[in-house]
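Taking it in order: structure first as structure tokens, then the write-up.
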Amino acid sequence: MTNKQFNAFHVPPMRPGSLFWPTLAAIVVIVVTVSLGRWQLDRAQFREQLAAHYNEMAKLPPTAIGSKLIDASQLAYHRVSASGRWLTEYGIFLDNQVYQGQAGFDVYMPLRLEGSDTCLLVNRGWVVAGRDRAHLPEIRTPWGNVEVYGTVQLPARFKELGSAYRQGRIWENITPERFRKWSGLTLQPVFIQQTGDPGDGLIRDWPRPDNGADRNRGYAFQWFAMAVLAFVLWVYHFFRRGTADVE
């Protein structure tokens, strides 16, 4: 084999620094995308664990909630029951809730527990929003004591762009603590999503806690695919530079 033929197969040393920035960029992209992919897989696993817990809690009889303050962490996703009277004057509408492509509200209302001044905040269900937001939907609410069934929900985490989280009875985000400060009521540290059909016209098609696990896995696949693509592009750039130097 001649020297000319040998050089056609031999990649000469690269010039110092010729691959530094492409290599650094590839490393950064690969590390970030792999990290995001693993985070998405962790989210999928977390949702599946919630689903398993939810299924176990669904097998248990409802726990009665009374005036004694409960341990929120011990009752997450438990089925519960409560007796009391609706305080309609404190009803609020949680904004930007979409159901089957329609914009609407989740209706939150405190239930004053029977025989006490302690209240339980209840997400009664979803209602479609009217064209005029100045006129809120009328919610059929029974008078007197009622028996309410539902599932305990822990306060959600959220981010807000500003301090104005409510406009009158329309709120953007809600927690029991925020509602307590606004209303002055003594509240249990959780809220419940009401179940059943008491004939008030509200929709209670609540999503399961494992909802979105498959979507998280799909996002993870996309991030890992981007990491592989970054590596392939770096390898292509490496050999292309080598070929260019030979020429």
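Read-outs: derived from the displayed coordinates by stated rules, not from any lab. The shown structure was predicted, so the numbers you read here are calculated from the model rather than taken from an experiment. All Cβ positions, even for glycine, are placed from backbone atoms using ideal geometry, and neighbour counts span all protein chains on display.
Of the peptides 98-108, 230-240, 130-140, the ranking by mean beta-carbon count within 10 Å, highest at the top, reads 98-108, 230-240, 130-140.
Here is the size of the range 75-126 from its Cα atoms: Rg then Dmax, 13.0, 41 Å. Take 55-62, 119-126 and order them by the average number of nearby Cβ atoms within 10 Å per residue, most first; the result is 119-126, 55-62. Normalising the average separation of contacting C-alpha pairs (under 8 angstrom, six or more residues apart) by the number of residues puts the relative contact order of the range 12-123 at 17 percent.
For TYR99, the residues 5 or more places off, or on other chains, whose built amide H falls under 5 Å of its own are GLY104. Working note: Debye formula, equal point scatterers on the alpha-carbon atoms of the range 96-145, no solvent; log10 I(q)/I(0) at q = 0.24, 0.32 Å⁻¹ is -0.94, -1.26.
Under the criterion of Cα pairs below 8 Å and six or more residues apart, the relative contact order for the range 78-194 equals 33 percent.
Calculated over the range 56-188, the projected area of the Cα convex hull averaged across directions stands at 9.3 nm².
Using the Karplus relation 6.51 cos²θ - 1.76 cosθ + 1.60 with θ = phi - 60°, the per-residue 3J(HN,Hα) values for the range 221-227 come to 4, 5, 5, 5, 5, 5, 5 Hz, with x marking Gly and Pro.
Shown in residue order for the range 196-205 are the 3J(HN,Hα) couplings computed by the Karplus curve 6.51 cos²θ - 1.76 cosθ + 1.60 at θ = phi - 60°: x, 10, x, x, 9, x, 7, 9, 10, 8 Hz (x for Gly and Pro).
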